[in-house]
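Asker: Just passing along the structure, written as structure tokens.
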Amino acid sequence: RRFLTDVELIHGICKAEIATHGVYFSHETSTHASDASSCAGNEVAALREAFGSDLLAKMLILNTKGFTGHPMGVSFEDVTAVEVLMRQVVPPVPNYREKDDYLGDLNISKG
């Protein structure tokens, strides 16, 4: 929340604008979302805390690990983020077929 407050104070960009016009590249690896120390569960909880459920439902969420695996060292996610910015096209989350009820109203990218 502090980071989002600083962005608004310094740059004049409110979190509603970020949620509505931004794309969030999630870190999780599509593990089952739960409160029991899953990466996905913790990430969703942090996003809900920072943005609130209403704004979070508007934010487009993307994850590329289904395409690339987990090679953070070679920056595939960073390259994808730059391509999304340049082309203004967001790819789908690979293999996304069924919504996990724990995730609630998350706006998962379908491409």
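Asker: Has the range 59-75 got any residue that is in contact with an Asp or Glu (Cβ under 9 Å, 6 or more places away or on another chain), modelled with pLDDT of 80 or more and either among the basic types (Lys, Arg) or farther than 21 Å from GLU98 by Cβ (or both)?
Answerer: No; the residues of the range 59-75 include none that is in contact with an Asp or Glu (Cβ under 9 Å, 6 or more places away or on another chain), modelled with pLDDT of 80 or more and either among the basic types (Lys, Arg) or farther than 21 Å from GLU98 by Cβ (or both).
Asker: Does any residue of the range 52-67 turn out to be farther than 29 Å from THR5 by Cα, without any contact (Cβ under 8 Å) to a residue 24 or more places away in the chain, in a helix (DSSP H, G or I) and not polar (S, T, N, Q)?
Answerer: No: zero hits.
Asker: Take the residues of the range 1-40 that are modelled with pLDDT of 95 or more, more than 21 Å from VAL84 (Cβ to Cβ) and part of a loop (DSSP other than H, G, I, E, B): which is farthest from the chain's Cα centre (by Cα)?
Answerer: GLY12
Asker: Can I ask one more? Looking at the structure I just gave you, is THR80 surrounded by 10 or more Cβ atoms within 10 Å (Cβ to Cβ), over 24 Å from ARG48 (Cα atoms), at pLDDT 85 or above and of a type in the set (Val, Ile, Thr)?
Answerer: Yes; evaluated as a whole, the condition is true for this residue.
Asker: With respect to GLU43, determine if the residue is among the acidic types (Asp, Glu), modelled with pLDDT of 80 or more and either surrounded by 15 or more Cβ atoms within 10 Å (Cβ to Cβ) or outside any helix (DSSP H, G or I) (or both).
Answerer: Spelling it out, GLU43 is indeed among the acidic types (Asp, Glu), modelled with pLDDT of 80 or more and either surrounded by 15 or more Cβ atoms within 10 Å (Cβ to Cβ) or outside any helix (DSSP H, G or I) (or both).
Asker: Among the residues of the range 97-111, what is the count of those that are within 14 Å of the chain's Cα centre (by Cα) and farther than 20 Å from ALA19 by Cβ?
Answerer: Residues meeting the conditions: 0.
The values are calculated or read from the model by the stated rules, or taken from the named source; none is laboratory data. Since the structure is predicted, the reported quantities are computational estimates derived from the model, not experimental observations. Neighbour counts are summed over all protein chains in view; Cβ atoms, including those assigned to glycine, are modelled from backbone coordinates with ideal geometry.
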